[in-house]
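The values are calculated or read from the model by the stated rules, or taken from the named source; none is laboratory data. Nothing here was measured: the structure is a model prediction, and the numbers come from that model. Note that each Cβ is placed from the backbone with ideal geometry, even for glycine, and that neighbours are counted across all protein chains shown.
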Amino acid sequence: MRKLVRHTDEEADVNITPLLDIVFILLIFFIVTATFLREKGIDVRTPESDPPEEQQKFTEALVLSVREDGLVRVNGIRFIDPGSVKPVVQEFIARVPNGPVLVSAAPESEAGVAVQVMDQAKSGGANSITLTLQREQQ
C-alpha cells in the first residue's frame, strides 16, 4: 500500500499578474480600435444660443382671419373675398419685407378656404406663413 505524502512546506500560489496584463492589453486594444459614430440628431437652437444680430424682430404682421361664412378679415379691420388676398399681401410685403403672414381659421370654416388664402399669400410674395386655429368663443 502506498502512503499519501503531504508536503506542508509547499503552498500553491496563484499568480494573476499575467492575467491582469492581458486584460489591460485587450482593454487598450479595444479602445484604440473602436469606432465612435456621431449620430445626426435634431438641431435645437434655443433663443439663448442665437446671437442677437440674427434674431429678427417684426413690429408688424399681417393677420388674415378666415371666418365661418368664407370671408377673410384683414388685421381685424376690413373684410375681403378669399380670392382678393394676393394684392393685400403684396402691399404688406412692399411695406414690411419678409414680414410674417398669419392665417387664422375659425373652427367651423371650410379647410379649402384656408388653403386658398394660404396659396394667395404665397403667390403674393409671403415667405413666412403660419396657420392657426381660432379659439371658440365661450
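Please enumerate the residues belonging to the stretch 81-125 that are touching a residue at least 40 places away in the same chain (Cβ under 8 Å), of a type in the set (A, V, I, L, M, F, W, C) and touching a Gly at 6+ places or on another chain (Cβ under 9 Å). Once the filter is applied, which keeps residues that are touching a residue at least 40 places away in the same chain (Cβ under 8 Å), of a type in the set (A, V, I, L, M, F, W, C) and touching a Gly at 6+ places or on another chain (Cβ under 9 Å), the stretch 81-125 yields Val101, Val113.
Any residue at all in the stretch 90-100 that is more than 20 Å from Ala126 (Cβ to Cβ) and either modelled with pLDDT under 90 or out of contact with any Pro (no Cβ under 7 Å at 6 or more places or on another chain) (or both)? Before you say what the answer is, go through the steps one by one.
We begin by selecting, within the stretch 90-100, every residue more than 20 Å from Ala126 (Cβ to Cβ); these are none.
No, the stretch 90-100 has no match at all.
Among the candidates Val96, Val89, single out the residue that is among the aliphatic types (A, V, I, L, M), farther than 14 Å from Gly70 by Cβ and in contact with an Asp or Glu (Cβ under 8 Å, 6 or more places away or on another chain). On inspection, the qualifying residue turns out to be Val96.
Could you grab me the full set of residues in the stretch 99-138 that are within 18 Å of Gly70 (Cβ to Cβ), in a helix (DSSP H, G or I) and in contact with a helix residue (DSSP H, G or I) (Cβ under 6 Å, 6 or more places away or on another chain)? Within the stretch 99-138, Val113, Gln116, Val117, Gln120, Ala121 qualify. The number of residues in the stretch 3-36 being modelled with pLDDT of 85 or more, assigned to a loop (DSSP other than H, G, I, E, B) and not aliphatic (A, V, I, L, M) comes to 1.
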